[in-house]
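Working notes, beginning with the structure itself.
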Amino acid sequence: MPEGLVLHFADLPPQERSWINAVPGTSTPRTLIDCALAGLSPDLLRQAAKQALARALVTKAELGEVENVLEPFGGIRDDNTDVHLAAGLQTGAGATPENRLENWRRLLRADGSC
């Protein structure tokens, strides 16, 4: 195992697991919650949560524990809500696993990449 790499083991329900090619890992919401509970700096945790929200990898509802940890530091403060609405993206309670792929397609079309 490479130096500095730490493996964690836990029994997780299927919705908290994901695969990146052949490598098992945790889902984005689970990873953010684990980081929050492990004491990741508030600035880095907020940045990660905001990026996950902007990329429609999580919903605001899935980040309850993260929001609780960040509350004393000003919360998540999703400043991109207007950008999401202008691009026609489903965010917050409207974002579901079924429409996250469509969000990616809209983002790619919006910036001319696709």
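Using a simple spin-label model with pseudo-atoms 7 Å out from Cα toward Cβ, TRP19 and GLU65 lie 2.5 nm apart. Legend: calculated FRET efficiency, THR26 to LYS50, from the Cβ-Cβ distance at R0 = 30 Å, rounded to 0.05, equals 0.95.
Since every read-out is calculated from the coordinates, none of them should be taken as a lab result. None of these values were measured; they are calculated from a predicted model. Methodologically, a virtual Cβ is constructed for each residue, glycine included, from the backbone with ideal geometry; neighbour enumeration extends over all protein chains shown.
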